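Have a look at the structure below before the remarks.
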Amino acid sequence: MTNPFDLSGKTAVVTGANTGIGQGIALALAAAGADVAAVGRTPAQETVEKVRALGRRAEIISADLSTIEPVGRVVDEAVDKLGGVNILVNNAGIIRRNDSLDFTEEDWDAVVDTNLKSVFFLCQAAGRHMVANGGGKIINIASMLTFQGGIRVPSYTASKSGIGGLTKLLANEWAGKGINVNAIAPGYIATNNTAALQADETRNRQIMERIPAARWGSPEDMGGAAVFLASSAADYVQGHILAVDGGWLAR
Ligand code: NAP
């Protein structure tokens, strides 16, 4: 019997793959059989070495996704170096914290451009390739702030709420073209992105008190959801935002 979670022969493009959730997802996809194009502004040397150690092919693609300038090249390079793009994981993202009364246009634009605008145009570039090549899987990285308001992170909340809507819109447009568009909404995961929260004793305690699993998540915790959504096991899953949050939203 074939394994519906097997990703052998697939190529995954993962943005922000050098660290954190992106690295965790890249390694999980590779362990399931995928080759990996590790996209980002910091070369994902460690990720590439670990993917190759798993017996898969891996290539670094340099791209600063604070603008949409590199999106076409990212897809072209993945096709040139690894033969195609079957899976796209839009993981690269940033956060800026400040009171909304003081929030600057720069902090708004930087976050929305990276977390939302570049995601859409990378979906578009990959989607064009996938439509012409029999389909594919797109996984966007959402957030608890796709569902909730958060505090002191207005551009981040806007971007991640936007990711929820965009994921559903693209699923509506592309489900009939063989592309599955879904999202993973990580809970509170110990990475660089949340270093400030982890270091803030009060916020850390408040967060821990609300997580039924009673621990911060790890990048590895995102792997199973990514493999599922990237695989044929999820062929009939469309426009879904899969929370991987230790139960945060259930509370
Ligand atoms: P992280 O460790 O800070 O990783 C963020 C990744 O995005 C890094 O690889 C980073 O590259 C890359 N990146 C940022 N700006 C970029 C740009 N302009 N061009 C290319 N790459 C860029 O944080 P993380 O927690 O793993 O975050 C990954 C994703 O998960 C983000 O979308 C984040 O919003 C989301 N998320 C995280 C949590 C959490 O609790 N940690 C919860 C929900 C959602 P550099 O290393 O070069 O900066």
Exercise. Pairing the Cα long axis of helix 118-132 with the longest principal axis of the chain, what angle in degrees results, from 0 to 90 and rounded to the nearest 10?
Worked result: 20 degrees
Exercise. How much length is gained if the chain between Glu69 and Leu169 is pulled fully straight, taking 0.36 nm per residue apart and subtracting their Cα-Cα distance, in nm to one decimal?
Worked result: 33.7 nm
Exercise. Just from its helices, what would the mean residue ellipticity at 222 nm be for the chain, if runs of 4 or more DSSP H residues each count -39500 (n - 2.57) and the sum is divided by every residue, rounded to the nearest 500 deg cm²/dmol?
Worked result: -12000 deg cm²/dmol
Exercise. Over the Cα atoms of segment 25-82, how large are the radius of gyration and the largest Cα-Cα distance (Dmax), in Å?
Worked result: 11.3, 33
Exercise. Considering lysine pairs in segment 11-250 that are 8 or more places apart or on different chains, how many have Cα atoms under 14 Å apart?
Worked result: 4
Seminar exercise, completed: Computed over segment 45-178, the Cα gyration tensor eigenvalues, each multiplied by 5 and square-rooted, give semi-axes in Å (largest first) of 28, 18, 13
For this session: Quick one: divide the alpha-carbon radius of gyration of segment 149-251 by 2.2 N^0.38 Å and tell me what you get.
Result: 1.20
Problem set entry | Kirkwood-based Rg to Rh ratio, segment 200-243, C-alpha trace | 1.16
Exercise. Any idea what the dipole of segment 11-250 comes to, in debye rounded to 20, about its Cα centre with Lys/Arg Cβ at +1 and Asp/Glu Cβ at -1?
Worked result: 540 debye
Seminar exercise, completed: Mean separation of Cα contacts under 8 Å (at least 6 apart) over the residue count of the chain, i.e. the relative contact order in percent, is 20 percent
For this session: Report the equivalent ellipsoid semi-axes for the chain in whole Å, largest first, defined as the square roots of five times the eigenvalues of the gyration tensor built from alpha carbon atoms.
Result: 28, 20, 18
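Values in this text are rule-based calculations from the coordinates and carry no lab data. The model shown is predicted, which means the values in this text are computed figures rather than measured ones. Cβ sites come from the backbone with ideal geometry, for glycine too, and all protein chains shown count toward neighbours.
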